[in-house]
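Worksheet: the structure to be examined is printed underneath.
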Amino acid sequence: NKNQAGQSIAQEYAHFRSGNIPGTELVPADSFDEAIIEIFDDIFARMRDKVIKNPDKTICVFLWRAACTAIESAHRYGFRNTLHLGLSRDEHTGVASMYYEGDDVARRIDASTEFLIVDPMFATGGSMIKVIEYLKSFGANPQNMSLASVVSAAPGVARVLNEHPVKHIMVGKSDGCL
């Protein structure tokens, strides 16, 4: 993956791995937040330029569990129509459940509505599937849904594509396993 200047995505996000606390694998919170914002800026710019032609008409779905960091990036690139959903995951079963649904959801959705679902960590696919099924319950079409994530795991992406083929998936980094 190369950007227009020929710099690899890995080089662009090198600071994501810098600033480690000695003796640990953790990145300091402020460095992590800055990296997430930079990655989401890149993802939203690419989505706007290559996938979603009308970001102002697209509903950008943010999962409260972690995606709130991406809201400012989305707004910078024209994604201002938002839906907020609160999900939590049972750590024993791995099953996601919804604890908050944004206002007037049903009134805003039909089969032609385009969506960009944002979740920073796309691992098992459980949260993405929960959101896709939720939107489908209001008449939304998965073929009008794009997914954005900072990090994904191949098994989760495969699970989502197998259960609900979506329009497009864009991630900052993909890992082969969970």
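The values are calculated or read from the model by the stated rules, or taken from the named source; none is laboratory data. What you see is a predicted model, and the numbers here were worked out from it, not measured in a lab. Ideal geometry is used to build each Cβ from the backbone, glycine not excepted, and the neighbour counts take in all protein chains shown. Ligands, DNA and RNA are stripped out before the accessible areas are found, and what is left, the full protein with its side chains, is counted by its heavy atoms. Shrake-Rupley method; radii C 1.70, N 1.55, O 1.52, S 1.80 Å.
Quick look at the numbers
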| read-out | value |
| --- | --- |
| Residue pairs meeting the criteria (Cβ under 7 Å; at least 6 apart or on separate chains; first within 16 Å of PRO120 (Cβ to Cβ) and among the charged types (D, E, K, R), in the stretch 77-93; second assigned to a strand (DSSP E or B) and at pLDDT below 90) | ARG89/ALA96 |
| Residue within the stretch 103-116 that is open to solvent by less than 10 Å² (accessible area, probe 1.4 Å), touching a strand residue (DSSP E or B) at 6+ places or on another chain (Cβ under 9 Å) and modelled with pLDDT of 90 or more present | yes |
| Selection status of ILE117, among the hydrophobic types (A, V, I, L, M, F, W, C), under 18 Å from VAL157 (Cβ atoms) and either in contact with a Lys or Arg (Cβ under 8 Å, 6 or more places away or on another chain) or part of a loop (DSSP other than H, G, I, E, B) (or both) | no |
| Residue within the stretch 71-85 that is assigned to a loop (DSSP other than H, G, I, E, B), open to solvent by 10 Å² or more (accessible area, probe 1.4 Å) and among the hydrophobic types (A, V, I, L, M, F, W, C) present | no |
| Matching residues, the stretch 128-170, being in contact (Cβ under 8 Å) with a residue 60 or more places away in the chain, surrounded by fewer than 19 Cβ atoms within 10 Å (Cβ to Cβ) and within 13 Å of the chain's Cα centre (by Cα) | HIS168, MET170 |
